[in-house]
């Protein structure tokens, strides 16, 4: 009689452990994306090279899905396809530009940290935002954190970089809305975004519009290999897979909230790795935005319904 409850508890414990391990992997992989993008200049790769590697690896890995995905695109609305494709080269270039102008800590903080805010704004514009008071307070904390990052972090190029990173957050929010409306499965989304992005990156690099060492024959193979592992395999494939595993084992709220730890990890790893500093202004911004994102993920999405008297 007691074996069934024990077996059930054991299964729940295994699911929890698997989910926690997947969340930890997601946090590390998201942090490595910000750190490796910020470190581009130091490893001798142009942004065009980084884009080719970032999207080329998943495009090759998911090539068996590409014909089926392209057939399914015929039933998609062009506006939805356009929103989904924003997650590729447009977002990557904004992310890399903002990282060049600011720091790894701000890059890892402002882009994912402001996505809930911009999603809410875009839904409000369409008249589809009904928020609970807890989520409104969480969004206010995010806004205060963005203001703190702009006012307290300092640096001559800081405001420009912050503006670029906020634009990257807005682009990712638009992609998120497109993702909710597309009929493509997750692998199909990754495949089509990677294919279009790597083709566009190759064309722009060949035309000289993106800095690239590929067409001069002076590529650093070890750097390309390391970047392919971090960005192509890590960010392009593993982070998505681990996030799906985390959601399936823990539900959606906990992984979304735990993902807010990624900027904290990025900020502290950037100290020994890139020689950056955790300033008081950055600490204030980190606390406000990370707590706001976590609170937003854990709070109820809509206000409680009023009961008639």
Check on residue 128, at pLDDT below 90 and not in a helix (DSSP H, G or I): yes
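Given the criterion modelled with pLDDT of 85 or more, within 30 Å of residue 218 (Cβ to Cβ), part of a helix (DSSP H, G or I) and out of contact with any strand residue (DSSP E or B) (no Cβ under 6 Å at 6 or more places or on another chain), identify the matching residue among 27, 53. Reasoning before the result, please.
On the way: 27 fails: within 30 Å of residue 218 (Cβ to Cβ).
Going through 27, 53 in turn, the sole match is 53.
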Kindly evaluate residue 180 against the criterion of being over 22 Å from residue 287 (Cα atoms) and under 21 Å from the mean Cα position of the chain (by Cα). yes
Condition check: buried (at least 19 other Cβ atoms within 10 Å of the Cβ), touching a helix residue (DSSP H, G or I) at 6+ places or on another chain (Cβ under 9 Å) and assigned to a helix (DSSP H, G or I). Does residue 98 satisfy that? yes
Tally of residues being at pLDDT below 80 and closer than 15 Å to residue 114 by Cα across the range 262-309: 1
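Among the residues of the range 234-247, is any without any contact (Cβ under 8 Å) to a residue 40 or more places away in the chain, farther than 16 Å from residue 108 by Cβ, out of contact with any strand residue (DSSP E or B) (no Cβ under 7 Å at 6 or more places or on another chain) and not in a helix (DSSP H, G or I)? Before the answer, list the steps.
First pass over the range 234-247, keeping only residues without any contact (Cβ under 8 Å) to a residue 40 or more places away in the chain: 241, 247.
Still in the list and also farther than 16 Å from residue 108 by Cβ: 241, 247.
Remaining after also requiring out of contact with any strand residue (DSSP E or B) (no Cβ under 7 Å at 6 or more places or on another chain): 241, 247.
Checking the rest, the ones that are also not in a helix (DSSP H, G or I) come to none.
Within the range 234-247 (the criterion being without any contact (Cβ under 8 Å) to a residue 40 or more places away in the chain, farther than 16 Å from residue 108 by Cβ, out of contact with any strand residue (DSSP E or B) (no Cβ under 7 Å at 6 or more places or on another chain) and not in a helix (DSSP H, G or I)), the answer is no, since none of the residues qualifies.
Would you check which residues across the range 150-178 are at pLDDT below 80, touching a helix residue (DSSP H, G or I) at 6+ places or on another chain (Cβ under 9 Å) and either under 16 Å from residue 108 (Cβ atoms) or not in a helix (DSSP H, G or I) (or both) and list them?
Filtering the range 150-178 for residues at pLDDT below 80 gives 150-159.
Filter once more, so that each one left must be touching a helix residue (DSSP H, G or I) at 6+ places or on another chain (Cβ under 9 Å): 150-155, 157-159.
Once the filter is applied, which keeps residues that are at pLDDT below 80, touching a helix residue (DSSP H, G or I) at 6+ places or on another chain (Cβ under 9 Å) and either under 16 Å from residue 108 (Cβ atoms) or not in a helix (DSSP H, G or I) (or both), the range 150-178 yields 153, 154, 155, 157, 158.
The values are calculated or read from the model by the stated rules, or taken from the named source; none is laboratory data. Keep in mind that what you see is a predicted model, and the values were worked out from it rather than measured. Glycine also receives a Cβ, built like all others from the backbone with ideal geometry; neighbour counts cover every protein chain displayed.
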